[in-house]
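Each remark here refers to the structure printed beneath this line.
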Amino acid sequence: MSVVKDLTVRLYHRSSDGKVVDAVHDMELSNFGGALPNVGDWILEPGVPSHLDRLEPKNRNFWVVVQRVFNPRDNEDYIALIVEDRAPTSAEFDLLPSN
């Protein structure tokens, strides 16, 4: 019988110049419905600055997964998701929280 270890998903952001920066943001698989996001998947960024309305679409972003790295920094229980930010389009507003 194989043992499944708990995995931590660490987010890294890729900037427009291609540089990858540790976002210092750890998540668990449960944050993604128990599945590890693949390249091309979108994640609705959970954070919104406290002075902004989280229900206003212009204040929200998607993270697009552009790469996955297993065993980053020799941390065997970690998987790094490298993401790029993008704003939702009006055609995607139904994916955002609303009143």
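The values are calculated or read from the model by the stated rules, or taken from the named source; none is laboratory data. Only a predicted model underlies this, so the values are computations on that prediction, with no experimental measurement involved. Here Cβ is always computed from backbone atoms with ideal geometry, including for glycine, and neighbour counts include all displayed protein chains. Side chains included, ligands, DNA and RNA excluded: accessible areas come from the protein's heavy atoms. Shrake-Rupley method; radii C 1.70, N 1.55, O 1.52, S 1.80 Å.
Does G34 qualify as being more than 14 Å from P72 (Cβ to Cβ), under 12 Å from the mean Cα position of the chain (by Cα) and not in a strand (DSSP E or B)? It is false that G34 is more than 14 Å from P72 (Cβ to Cβ), under 12 Å from the mean Cα position of the chain (by Cα) and not in a strand (DSSP E or B). Scanning the stretch 1-14 for residues that are of a type outside the set (V, I, T) and under 14 Å from the mean Cα position of the chain (by Cα), we see that the one that is most open to solvent (accessible area, probe 1.4 Å) is R14. Sub-7 Å Cβ pairs linking a first residue in the stretch 11-30 that is assigned to a loop (DSSP other than H, G, I, E, B) to a second residue that is surrounded by fewer than 15 Cβ atoms within 10 Å (Cβ to Cβ), at least 6 apart or interchain, are S15/V21, ordered by first then second residue.
Of all the residues in the stretch 27-43, those that are at pLDDT 95 or above and open to solvent by 50 Å² or more (accessible area, probe 1.4 Å) number 4.
A search for C-beta distances below 8 Å between a residue of the stretch 54-75 that is under 20 Å from V39 (Cβ atoms) and any residue that is polar (S, T, N, Q) and surrounded by fewer than 13 Cβ atoms within 10 Å (Cβ to Cβ), counting only pairs 6+ apart in sequence or on different chains, returns V65/N38; R68/N38. Scanning the stretch 60-99 for residues that are open to solvent by less than 90 Å² (accessible area, probe 1.4 Å) and of a type in the set (F, W, Y) yields F62, W63, Y78, F93. Could you please let me know if L29 is touching a helix residue (DSSP H, G or I) at 6+ places or on another chain (Cβ under 6 Å) and either among the aliphatic types (A, V, I, L, M) or under 28 Å from D74 (Cβ atoms) (or both)? Taking the combined requirement at face value, the residue does not satisfy it.
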